[in-house]
1. Please tell me which of these pairs span more than 29 angstrom C-alpha to C-alpha: A:LYS217/B:LYS249; B:LYS126/B:LYS217; B:LYS217/B:LYS249; A:LYS155/B:LYS126; A:LYS126/B:LYS217; A:LYS217/B:LYS126?
2. For the protein assembly as shown, just say rounded, prolate or oblate: build the C-alpha gyration tensor, square-root its eigenvalues into a ≥ b ≥ c, call rounded for a/c under 1.5, and beyond that prolate if a/b exceeds b/c, oblate if not.
3. Sorting B:LEU338, A:LEU167 on the 10 Å Cβ count, fewest up front, what's the list?
4. Per-residue Cβ counts within 10 Å, from other chains only, averaged over B:68-76: what number is that?
5. Using only the alpha-carbon atoms, how far is helix B:316-328 inclined from the longest principal axis of chain B? Give it as 0 to 90 degrees, nearest 10.
6. If I model a spin label at A:LEU233 and A:THR24 as a point 7 Å from the Cα along the Cα→Cβ vector, what separation in nanometres do I get?
7. What's the angle, to the nearest 10 degrees (0 to 90), between helix B:124-135's Cα axis and the longest principal axis of chain B?
8. Pick from B:SER105, B:SER82, B:SER289 the residue whose mean-square fluctuation is largest in a GNM of chain B, springs joining Cα atoms under 10 Å.
Number of protein chains: 2
Amino acid sequence: MLRAPKGFQMPGSKLTMEFKHQATVTLAEVAEAAGVGESTVSRVLRNHGSFSGRTRERVMAAVQRLGYVPNRIAGTLASTGSRLVAFVIPSLSNIVFSDVLRGASAVLEENRYQAVFSVTDYDPGKEEALATAMLAWRPAAVMLAGYEHTDGTTKMLRASGCRVVELLDLDGDALDIAVGFSNRAAGRESAAFLLRRGYRRIGYVGHDLNRDTRAGKRFSSFCDTLDANGTPLIAREILADASSVENGKQGLERLLARATDLDAVYFSNDDMALGGYFHCLARGIAIPSQLAIFGYNGLDIGRAIPQPLSTIRTPRVATGQTAAQLVVANAPPQAIDLGFELIEGATA
Amino acid sequence: MLRAPKGFQMPGSKLTMEFKHQATVTLAEVAEAAGVGESTVSRVLRNHGSFSGRTRERVMAAVQRLGYVPNRIAGTLASTGSRLVAFVIPSLSNIVFSDVLRGASAVLEENRYQAVFSVTDYDPGKEEALATAMLAWRPAAVMLAGYEHTDGTTKMLRASGCRVVELLDLDGDALDIAVGFSNRAAGRESAAFLLRRGYRRIGYVGHDLNRDTRAGKRFSSFCDTLDANGTPLIAREILADASSVENGKQGLERLLARATDLDAVYFSNDDMALGGYFHCLARGIAIPSQLAIFGYNGLDIGRAIPQPLSTIRTPRVATGQTAAQLVVANAPPQAIDLGFELIEGATA
DNA sequence: CTCCCTTTTGGCAGCGCTGCCAACTGCGGA
DNA sequence: TCCGCAGTTGGCAGCGCTGCCAAAAGGGAG
């Protein structure tokens, strides 16, 4: 622990002085040390423009010797476009968004872009505030979840001149680029699958739909499909807070207390479905003969439980990757449907 | 989809011109529109220094009218310190790190700091490269996992003059600030617990220890404790890649094939332990009478399975929060031990 | 040896903002 | 009436880098 806290100067200390010096090597100093002009150093470091091999070596030697780290803040200000990509995501607890970040960050890193993020907690107002804060960094792109934004957010993004990518939803009008899949189709196919399997007395266990609008879209299409079949949803149990295994467990327990004769339950996602699965395990409810369970997301853990979970696998990592690729390539506005995969599993 | 892709000019298009204009409102333009000087606008917007109420209103009106969004890049360059905090984390699949990010980002957002991150995949070389890239943004702080860095990384961080926070480990020498708990203590207490419970024929299922050095520390202390008791580890199964439920399942299967008479198994973390748990469920191995299972992390899902998982709960979110608070407060170098909690559960 | 063209190089004006400092405005007290 | 002070305000020099342009340095060909 040798460092002094910032703002605290060890008076006359050699250490502090070296330290300060180290922290502030500039391009101009490198240029001087290498005996070349500033722009030459800049060209060499960015490998852009032309310069001789000898010059290159001298510059690199000086960089090495001085421990120069370029200042991207200055670089970004001086040049036109930044290499920042801003993520404004609803949550970091939900694996969906960390998967998206994971996919995107790999691609961004390869292309020397830098990811910055902030978390809205599914609050559109906070989304607007955070998006504004993000725009202040003049990112190359802003990545958001879905289409449901405040008017202010929309207007601001449109006016910002930076690319906008809306992720994980395709049921709506894109501002610029959209990458994901249709949540409505997912809900529809989930219902169709359960009907195909012969289930008719179907219930739903979900989490806060006002906030997670994508889950809301799945649910409403799910219900529409059941209605169209003449076998509407029998009962629902919606928990106020975020999705979790524990909530799924409690939700199913409450649902079954009210509706005793269900033959299948659709969960808002796999976390909830796993909770339901564990509830059945603990209570000795036979799956799927006594009760079928269907989830959404296709988490790995769903495949590792004794009976693989029936669910829909969503391309979360690929969504992040694709979004990042489009941004890096500065692709024209478009909507990309990555689809999803229904996994039959053993629970429905 | 009205926007034209960047670099493509719609010739003579009014739309494009407006667009360009919108994207580039500067402080100077606001100043002119409000009929005040630039520094006055700056003062009002940052609420710093003194100005009259009337001035404030005129400035805010102009800001509103023009849709001005301050340029933080320029602001950061002009002032001394940045409000960026850089995270260089091993993985985003491991919930540990998204929990840390979650805790930190909440605190950072409150204080108008901005989080940027990149992912090393547990590769120290990549860590060095990414840390360098991060320093180029002149962050207020760099947050890293643990103490194991390359010499290059260490040297660079020391020279950088920005705060360094090492997270989730306390067994080593901190560069500056450290926040977390002792992984060695966690391994030790896990072993002591199993011994206390009467288990003597103990095995281990883990994931790549060269890369996840914190898991390695836990494991080595675990073994030391068993050795000290005169009941050394009987068998181990170490999977080459990252931890996952599936790997835990396979690992336990292989371990039991080789060592038939184990009475307890220690897993490198809860994901792995859950895999082991599911393996036992599927094979009808009675827990804990036939085989005890012990994990690490204290994930929520471990509490929701029929028999709550015996494990150690780590303060992941609190680690992120505390780290962020220290950075925001520009606290002096220190190491903070947040401890951990042993959860007895029902599996051991 | 000169000319012309290509490659390499340096100078310097910003990028948009902040921080410093000087100047201005009132206003009460001498 | 003038002075001094606190509260306001504007001007302007950078922050460290990039992009443009002009200048210098080769390198054949004539």
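No value in this document is a laboratory result; all are computed from the given coordinates. Owing to the predicted nature of the structure, the values given are computational and were not obtained by experimental measurement. Cβ placement follows ideal geometry from the backbone for every residue including glycine, while neighbour counts extend to all protein chains displayed.
1. Correct reply: A:LYS217/B:LYS249; A:LYS155/B:LYS126; A:LYS126/B:LYS217; A:LYS217/B:LYS126.
2. Judged from the Cα gyration tensor, the protein assembly as shown comes out oblate (a/c at least 1.5, b/c at or above a/b).
3. Least crowded to most crowded, the residues run B:LEU338, A:LEU167.
4. 6
5. That works out to roughly 40 degrees.
6. So the label points at A:LEU233 and A:THR24 sit 6.2 nm apart.
7. Between helix and principal axis, roughly 20 degrees.
8. Of B:SER105, B:SER82, B:SER289, the Gaussian network model singles out B:SER289 as fluctuating most.
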